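The values are calculated or read from the model by the stated rules, or taken from the named source; none is laboratory data. If you're wondering where the values come from, they're calculated on a predicted model, not measured in any experiment. Every residue, glycine as well, gets a Cβ built from its backbone with ideal geometry; the counts of neighbours run over all protein chains shown.
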Amino acid sequence: MPPDTRPAQLFEGRPAGKPWDVLVVGLGTAGAAALQCAAQEGLNVLGIERLGGLGGQSTLGGVSFEDPVSARLLELERKCERIPVKYDTSLLGVWRENGRLTGLRIISNGWIEDLPAKLVIDATGCAAVARMCGLEVRRGRAFDGVMAPCVRADVWVENGGRVRPHYWNTDCSLAGGLVERSEHVAALCRGRHLFWKERGGKAGRMLRPGYLPGAREESRVVTEVVWSLGDVLCNRAVCDPVFYAFTPEDLPVVQQDYAFESWATQDWKVLCGLPMFGYASAIPYGCLVARGVDGLLVPSKHLGVSHDLGGGLRLQAEMRKSGIAAGCAAKVALGLGCALREVPYGVLKGVLERHGLPGVRRRDGVGTVHGAAVGRLDDGGIVEALRVDVSRTGEWWYAKADGGAMERAAYAYWLCRERRLCGDAAGRRVLSDRLAGALAEGGRFAGNFAVALGLMEDVRGLAALRSLAARDGAVEDPVVRGAFPNRIKALLLLGRFADEASGRVLMGILEDGARGFVRGLEGAGAFDGVEQLRFQAVSYAAMALAAILRVHRNASLSCQAMAWQGRLVSGAEVGRNPPWWRLGKVRFG
Amino acid sequence: MNRRDFIASGLALSLASTPWRLCAEALRPQTIRRLVLGSGAYGLGYALARPRETLVIERGIFPAPEFTLSGEPDTLAPPTTPIGNDLNRALRDAGILKDTRLQLPPLADFLLDFFLARGGNLLLECELVPNTTTPWSPLLLSATGDLVQTDLPIATILDTTDLGWRQKPILKGKRFSALAPQTHCTVDLPPEATWRQARLALHQKRESLGLDLPTFAEAGCLRPLYAQTHIRHPQKDLPVPCQWIPSAQFPDLMTAFEKGYRDAT
């Protein structure tokens, strides 16, 4: 097969015929909601769906924990009974005139049809319309474009009679072109078959297979406003929210290579250890408005948020809200005859409120997902909460948080971060003085205080962080069962400080492959084996060294690092778990 | 399956290390000559007769949806060919066929594995788009809207899809089924019935029978009921010879599969 030769999918002009007010492409959770909302608002709307039912992942994809899939399919169909829908129909191209979308080209069983429209809602989840328009899209994280891994969910009847989705997670996303994607989907299905053969009888019986490969993340549209996890976690003001969400940070990172994720993700996952918590987010209207063409709204998981924010927002409740918001925006834009980016928020808000949006901001900032009381901590409470062997609060966001010591410690770290970002100078100083005092006392928990000071970007923790990285014994570094080790957190923080003095130590860790560095940690059981531990250490050390070399030019260290990188990558197997080969993308100056 | 099992099964390595090479090998222009539209069981058998020359394209993610996703029939004719025996044995070994009854939900994954393990070439989530390139080669549309002009020198096309690519089949009806504990639920519908009408009618019947909703699993396809038998129509919209032989016209998966295999050899 030659390199992709892509025939035209963007047509200039407008299709003949009376235009629909709105075409909704993709009738998953967001699209079905947009379709309903637009119809309720009196718009002449047509839905286009590739499969044979509404609801996408939450129905045909099998991901339904509360309602039976059949019930949801039926409910959606009944709600949309009077709304025309073309099933078994694929999007083939788009029409545009003078910078505005004017219609779509569709195909069903080989028959092609052009549909004129005043406005299009792209709810495909993979930014299909946006890409056909030639708009800018982004994929995955900034470091290397890696996206959240895909999954297939089937519905099973467990041996006790409970009906629930059963996931099969992979460590890869559905990136790639037509052929590569097909290979991944086939691997998903073959993996499911293997599971059936080996363990099917013990797990129960399969009720229905999921008819969709579960891509958690695909392309994301660059919209008028792009919102990030960092924006949310520092409570950046949103003057035009279309919906509020309080979501857990559900971003199963491929092979736990958090070293390559955003700082906001690292703060959440690594430094604070907050999987048992959720965060409040307000989503600006501009995240739904595609940039570069008029007449296109983009609810669904490809909306205008960054990779690190998408993990929490792609859940069903939020996707539904994004669809409703798009339906409302369509109503206002068509009613006023204005461009989507000029929709006045005051008018939009009135329509949103008819549909229960933007809703009520459930809480400010971060809180436990299941309402377990952690309780606000004062400065003394923060210090006391860190006088524990900090370990994980739990792997999955849906497990119960009991407000115990681990949750308090995670929250304490979080409050340090929050104080740095949002507190006044005096308040920051008071807390960091207390943390520095606790660090100076030494003892078993000194590493915790060094990490807390690092979260506050206070250099009084730097010496301790260097000591942890160098493992020179000056700072106690106990091996804690199940913990994300302080010495690894130290590597991350040394990079944040761009600490030139740590350069040689970091290079030593790379050269040694972190074998000496992780000695003793194997017994803690924190990761999936020694190799994963080593990968964690090496990846943080590499990223820290790269950060240092960006600020402090050191030709000899750069050369050494690049030579190491060359040896590593040439010896590594592509796709090996953990993904050592990703280190080939680190830039050492 | 956890990560450890996935890797131990070899799937991770095979996926990560050779997918492009496998695909490139399979799709090298000098080998592929036959295109099969839709992964109907008839087409799978046809393809396995000459796997290196044949590429099957399927719009969904499962093969033979007319049998694997239709909710019925769940019986299998006895095999009459060596490849049919192979299929039969593999189904029993996997625990999917017991006596003559198939366990339908896991059948789709099994069949995909069976087909690929025997050298079959299959592209999932894509469909054929009309094009007028000269010399003609398939233009494919993916599920994510990517349009790819291949350079495969296809000499013949077999269409196994339910309604035929750009055909206007004469149907006497459609059938929509569901699996429920200990029973099936089925409705027969007029030929022009839509997915919406089918779903609403099926649930009306479910309600009348008092069947439980949580364990009610609708089929993933609307099964066509043809007005004719032995359907074999030429498709005149393609510049290479194309026959439409819908796989769904056969009474069961084995019959369709073996017929396809025999017709290809």
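Some observations on this one:
- Output for region B:198-221, where each listed residue is more than 7 Å from every other protein chain (Cβ to nearest Cβ) and either assigned to a strand (DSSP E or B) or touching a residue at least 40 places away in the same chain (Cβ under 8 Å) (or both): B:ALA219, B:CYS221
- Any chance A:ILE112 is facing chain B (nearest Cβ under 9 Å), of a type outside the set (Phe, Trp, Tyr), touching a Pro at 6+ places or on another chain (Cβ under 9 Å) and assigned to a strand (DSSP E or B): yes
- Filtering region B:98-112 to residues that are surrounded by fewer than 23 Cβ atoms within 10 Å (Cβ to Cβ) and of a type in the set (Asp, Glu) leaves only B:ASP99.
- Taken as a whole, the condition of being under 30 Å from A:ASP154 (Cβ atoms), buried (at least 24 other Cβ atoms within 10 Å of the Cβ) and at pLDDT 95 or above does not apply to A:GLY62.
- Checking A:GLY134, A:GLY161 one by one, the residue that is modelled with pLDDT of 90 or more, within 13 Å of chain B (Cβ to nearest Cβ) and either touching a Lys or Arg at 6+ places or on another chain (Cβ under 7 Å) or outside any helix (DSSP H, G or I) (or both) is A:GLY134 and no other.
- Scanning region B:188-205 for residues that are of a type in the set (A, V, I, L, M) and crowded, with 21+ Cβ neighbours inside 10 Å gives B:ALA198, B:LEU202.
- Members of region A:173-211 found to be part of a loop (DSSP other than H, G, I, E, B) and more than 7 Å from chain B (Cβ to nearest Cβ), listed by number: A:SER173, A:LEU174, A:ALA175, A:GLY176, A:GLY210
- If you go through region A:531-589 and keep only what is among the basic types (Lys, Arg), in a helix (DSSP H, G or I) and either over 26 Å from A:ASP267 (Cβ atoms) or within 14 Å of chain B (Cβ to nearest Cβ) (or both), you end up with A:ARG567, A:ARG582.
- Applying a threshold of 8 Å to beta carbon distances and a minimum spacing of six or more residues, or different chains, the list of pairs starting in region A:421-432 at a residue that is touching a residue at least 40 places away in the same chain (Cβ under 8 Å) and ending at one that is part of a loop (DSSP other than H, G, I, E, B) reads A:LEU421/A:CYS234; A:CYS422/A:CYS234; A:CYS422/A:ASN235; A:LEU431/A:GLY423; A:LEU431/A:MET456.
- Condition met for A:CYS150 (under 30 Å from B:GLY95 (Cα atoms) and either under 14 Å from the mean Cα position of the chain (by Cα) or among the β-branched types (Val, Ile, Thr) (or both)): yes
- Residue match in region A:208-229 (condition: under 30 Å from B:ARG92 (Cα atoms) and of a type in the set (Lys, Arg)): yes
- Residue match in region A:217-236 (condition: out of contact with any Leu (no Cβ under 9 Å at 6 or more places or on another chain) and more than 29 Å from A:GLY350 (Cα to Cα)): yes
- Residues of region B:141-163 that are in a loop (DSSP other than H, G, I, E, B) and more than 8 Å from chain A (Cβ to nearest Cβ): B:PRO153, B:ILE154, B:ALA155, B:THR160, B:ASP162.
- Of the residues making up region A:213-224, those that are of a type outside the set (D, E, K, R), buried (at least 23 other Cβ atoms within 10 Å of the Cβ), more than 7 Å from chain B (Cβ to nearest Cβ) and in a loop (DSSP other than H, G, I, E, B) number 1.
- Check on A:GLU77, over 26 Å from the mean Cα position of the chain (by Cα), within 9 Å of chain B (Cβ to nearest Cβ) and surrounded by 22 or more Cβ atoms within 10 Å (Cβ to Cβ): yes
- Reported count of residues in region A:523-546, each being modelled with pLDDT under 90 and either under 11 Å from A:PRO485 (Cβ atoms) or among the aromatic types (Phe, Trp, Tyr) (or both), is 3.
- Exactly one residue out of A:ALA501, A:ALA474, A:ALA464, A:ALA483 is without any contact (Cβ under 8 Å) to a residue 40 or more places away in the chain and assigned to a loop (DSSP other than H, G, I, E, B): that is A:ALA474.
- The lone exception for A:ALA127 - which of (1) at pLDDT below 85; (2) at the interface with chain B (Cβ under 9 Å from one of its Cβ atoms); (3) crowded, with 18+ Cβ neighbours inside 10 Å it fails: (1)
- Scanning region A:513-530 for residues that are in contact with a helix residue (DSSP H, G or I) (Cβ under 9 Å, 6 or more places away or on another chain) and in a helix (DSSP H, G or I) gives A:GLU522, A:ALA524, A:VAL530.
- Residues being closer than 18 Å to B:ILE157 by Cβ, of a type in the set (A, V, I, L, M, F, W, C) and touching a helix residue (DSSP H, G or I) at 6+ places or on another chain (Cβ under 6 Å) - total across region B:50-63: 1
- Which numbered condition B:SER247 fails, given (1) within 14 Å of chain A (Cβ to nearest Cβ); (2) surrounded by 21 or more Cβ atoms within 10 Å (Cβ to Cβ): (1)
- When we screen A:GLY404, A:GLY367 for residues that are under 24 Å from the mean Cα position of the chain (by Cα), within 17 Å of A:LEU274 (Cα to Cα), modelled with pLDDT under 95 and of a type in the set (Gly, Ala, Ser), the only hit is A:GLY367.
- Test: residue in region B:82-97 that is within 20 Å of B:THR31 (Cα to Cα), in contact (Cβ under 8 Å) with a residue 24 or more places away in the chain and either out of contact with any Asp or Glu (no Cβ under 8 Å at 6 or more places or on another chain) or buried (at least 18 other Cβ atoms within 10 Å of the Cβ) (or both): no
- Test: residue in region A:164-171 that is part of a loop (DSSP other than H, G, I, E, B), at the interface with chain B (Cβ under 9 Å from one of its Cβ atoms) and farther than 25 Å from A:LEU104 by Cβ: yes
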